[in-house]
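The values are calculated or read from the model by the stated rules, or taken from the named source; none is laboratory data. Computed from a prediction, not measured in an experiment: that's the story for all the values here. Cβ: placed from backbone, ideal geometry, glycine included. Neighbour counts: every protein chain shown.
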Amino acid sequence: MTEENEEELIISLPVRKSAISSVESGIARLNSSHMEMFEAVEEPMALISGEKKSIVVRIVSDRLAPEGVVTLRNKDMETLDVEEGDMVNISPYSKLSDELKVSWKKFISKFKRKKEEGEEQ
């Protein structure tokens, strides 16, 4: 049931409602066996994407969490617009990845402008 894409470090897991659902949002629990992609990170963060929306959460390794699922809090499930059993994609997240995306978009924009200016001459 788990799909892994090694090139992009993405796993797809079904959602299960956290037993700790009355507390703050922004935390997801994974069984320790799924934590390889977060190895060298002290406080791992992940981008969790449903069909329509994505959120960034702190990942907690839990050897007692069921294997093969990600547990999310009620508010996070509502934000993602997912229900128990729905599949979500999970990938490592860092602010650096956001900064790189912004820089890349700026680069592409400048590149396209220069290319268009070159074609007009």
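List of remarks:
- Positions within the stretch 5-19 being modelled with pLDDT under 80 and touching a helix residue (DSSP H, G or I) at 6+ places or on another chain (Cβ under 9 Å), in sequence order: LEU9
- Filtering the stretch 51-67 to residues that are within 15 Å of the chain's Cα centre (by Cα) and crowded, with 18+ Cβ neighbours inside 10 Å leaves ILE55, VAL57, ILE59.
Yes or no, residue by residue, for (1) under 15 Å from the mean Cα position of the chain (by Cα); (2) at pLDDT below 85; (3) farther than 15 Å from ILE11 by Cα:
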{"residue": "SER21", "(1), (2), (3)": "no, yes, yes"}
{"residue": "GLY26", "(1), (2), (3)": "yes, no, yes"}
{"residue": "HIS34", "(1), (2), (3)": "yes, yes, no"}
{"residue": "LEU47", "(1), (2), (3)": "yes, no, no"}
{"residue": "VAL69", "(1), (2), (3)": "yes, no, no"}
{"residue": "LYS75", "(1), (2), (3)": "no, no, yes"}
{"residue": "VAL82", "(1), (2), (3)": "yes, no, yes"}
{"residue": "ILE90", "(1), (2), (3)": "yes, no, no"}
{"residue": "SER97", "(1), (2), (3)": "yes, yes, yes"}
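- Condition met for VAL41 (in contact with a Gly (Cβ under 6 Å, 6 or more places away or on another chain) and under 18 Å from TYR93 (Cβ atoms)): no
- Residue satisfying all of: in the stretch 32-48; farther than 14 Å from LYS75 by Cα and touching a Leu at 6+ places or on another chain (Cβ under 8 Å); surrounded by the most Cβ atoms within 10 Å (Cβ to Cβ) among these: HIS34
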